[in-house]
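Since the structure comes first, as structure tokens, the remarks are kept for the end.
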Amino acid sequence: MALIWILMIMACLLAVTVSIGLIISKSNKSKGILGQFQSKHVCGIPNLDSGVGADIKIYSDKLTINDTQIIPIDRYVQARCLLARELKLSEKQKSVILRAVTGGMLLGPIGAIVGGMSGLANQSKQDEILQPYIQVVYFDKNNEKKEALFLTGYSYDFTKGIVRLFNESAGRETNVEELQYEI
């Protein structure tokens, strides 16, 4: 019975989400917006600090960032999806006291010594984090080639879809590159 209620609630939430998305997309289309996404600016846009949220929109004739920075489509070269692989190392400290008490309860004084000794070394763990970025290549008003970088926070596939939409809207090719670095 509870499963039926959960499924009904999930279906309602999905319907509301889809209808909101349709309203937003109809609103965007009426404004001439072909695509839009939220990101964090990393570098490459003048007068926009690193880490600041960036609302990027593409129109048939321009690309805008936060509705203040405008890149005309004739100066837009292309967008690229960059996938950065971060290797994050984390250490977890073992509890010497807990291991000594457990060893002592199981095997007496010798177990306490061995248990305590087993907790002296730290346990290392390596996690791989994939960070999709969008790089926008353009020419500024002085005709200098610039590259802007945005951290998307979306999945890799969704980010590739954004890049594909941007480039197809501007008649450009789509490239995907993987960068790997260790932190």
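The values are calculated or read from the model by the stated rules, or taken from the named source; none is laboratory data. For clarity, every value in this text was computed on a predicted model and none was experimentally measured. We place every Cβ from the backbone using ideal geometry, glycine too, and count neighbours over all the protein chains shown.
When segment 50-89 is filtered for residues that are more than 12 Å from Gly35 (Cα to Cα), polar (S, T, N, Q) and either more than 23 Å from the chain's Cα centre (by Cα) or not in a strand (DSSP E or B) (or both), the ones remaining, listed by number, are Ser50, Asn66, Thr68. Going through (1) surrounded by fewer than 16 Cβ atoms within 10 Å (Cβ to Cβ); (2) among the polar types (S, T, N, Q); (3) modelled with pLDDT of 90 or more one by one, Gln93 falls short only on (3).
Being among the small types (Gly, Ala, Ser) and out of contact with any Phe, Trp or Tyr (no Cβ under 9 Å at 6 or more places or on another chain) is the filter here, so list the residues in segment 122-160 that pass it.
Initial filter on segment 122-160 (among the small types (Gly, Ala, Ser)): 124, 148, 153, 155.
Correct list: Ser124, Gly153, Ser155.
Residues that are modelled with pLDDT under 90 and under 22 Å from Ser50 (Cβ atoms) within segment 142-155 comprise Thr152, Gly153, Tyr154, listed in sequence order.
Taking residues in segment 65-84 that are in the same structural domain as Ser50 (by TED's automatic domain parsing), and partners anywhere that are part of a loop (DSSP other than H, G, I, E, B), the pairs with Cβ atoms closer than 6 Å and at least 6 places apart or on different chains are Ile65/Ile45; Gln69/Ile45; Ile73/Asp61; Gln78/Arg172. Within segment 132-165, the residues that satisfy the criterion of being farther than 17 Å from Ile45 by Cβ and of a type in the set (D, E, K, R) are Asp157, Lys160, Arg164.
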